[in-house]
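Chemist: Handing you this structure, nothing more for now.
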Amino acid sequence: MIVWTVPIPWAWRALVWGVLLIAAGVVGWLDGTTRAGSEALRRDQVAAEVVGRRVGELQEQARAAERKHAEALAEVSRDYQEKISERDRQRTADRAALLSGALRLRDPGPAPAGRSVAASAGAGSCGCDGPPSRELSGAAAGFLLDLAADADAVADQLAACQRVVTEDRAAGGVP
């Protein structure tokens, strides 16, 4: 039978107290790191929520800018298509007027030496400024009408391209 009344030596008592103090320190340290870790985790979650809201706002701004840019490009396209239709109607009307005789194209003739066509057209009415102007043939008049319509088409296309470039630069922030 063991008797518990025997005093425990001081060395053993000191060892037990030392182990208990070390265990308490380790438990305290672990509790502190757990609390610090949970506090850091909470701060990170709050920061992530703030960043998430900001990213959402920026994405919405980007979508709005893209919609505005797409609408501007669609407007350029609509305007260009309307000009194409208008130009085709004008070409058809000019062709019809040329065929009916309502539209005549004339050749002012060669300009006198040293004078332009505009200067000779404004000259006096004495009739001594040279031969009268001659009417162009149907083929020549048709060719000139087509050439003018093609030149208008190129000018309209260039204007549309310039508007697209301007819109692209405005959307991209390039001056």
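Here, each number is a calculation from the coordinates, and none is a lab measurement. Only a predicted model underlies this, so the values are computations on that prediction, with no experimental measurement involved. Cβ placement follows ideal geometry from the backbone for every residue including glycine, while neighbour counts extend to all protein chains displayed.
Chemist: Tell me the volume per residue, in Å³, of the convex hull enclosing the alpha carbons of segment 1-107. Show your work: numbers first, answer last.
Modeler: Numbers: hull volume 21.0 nm³, N = 107.
Given the Cα convex hull of segment 1-107, per-residue volume reads 197 Å³.
Chemist: Once label points are set 7 Å from the Cα along Cα→Cβ at both R13 and V50, what is their separation, rounded to one decimal in nm?
Modeler: 5.6 nm
Chemist: Could I ask something else about it? In nm, to one decimal, how far is the A151 label point from the L99 one, both placed 7 Å along Cα→Cβ?
Modeler: Placing both labels 7 Å along Cα→Cβ, they lie 2.5 nm apart.
Chemist: With the crude spin-label approximation of a point 7 Å out along Cα→Cβ, what separation in nm comes out for A140 versus T33?
Modeler: Modelled inter-label distance: 10.1 nm.
Chemist: Under 12 Å from the Cβ of L73, count the other residues' Cβ atoms, weight Lys and Arg +1, Asp and Glu -1, and hand me the total. Walk me through the intermediate numbers first.
Modeler: Numbers: positive: R67, K68, R78, R163; negative: E66, E71, E75, D79, E167, D168.
Around L73, the surrounding residues sum to -2.
Chemist: So, by mean Cβ neighbours within 10 angstrom, what's the order for 91-97, 7-13 with the highest one leading?
Modeler: Ranking the peptides 91-97, 7-13 by packing returns 91-97, 7-13.
Chemist: Round to the nearest 0.05 the FRET efficiency obtained for L20 and L41 when R0 = 25 Å and r is the Cβ-Cβ distance.
Modeler: E between L20 and L41, to the nearest 0.05, is 0.20.
Chemist: For segment 67-110, treating each Cα as an identical point scatterer without solvent, what Debye log10 I(q)/I(0) comes out at q = 0.16, 0.26, 0.28, 0.31 1/Å?
Modeler: Log-scaled intensity ratios, in q order: -0.60, -0.86, -0.90, -0.96.
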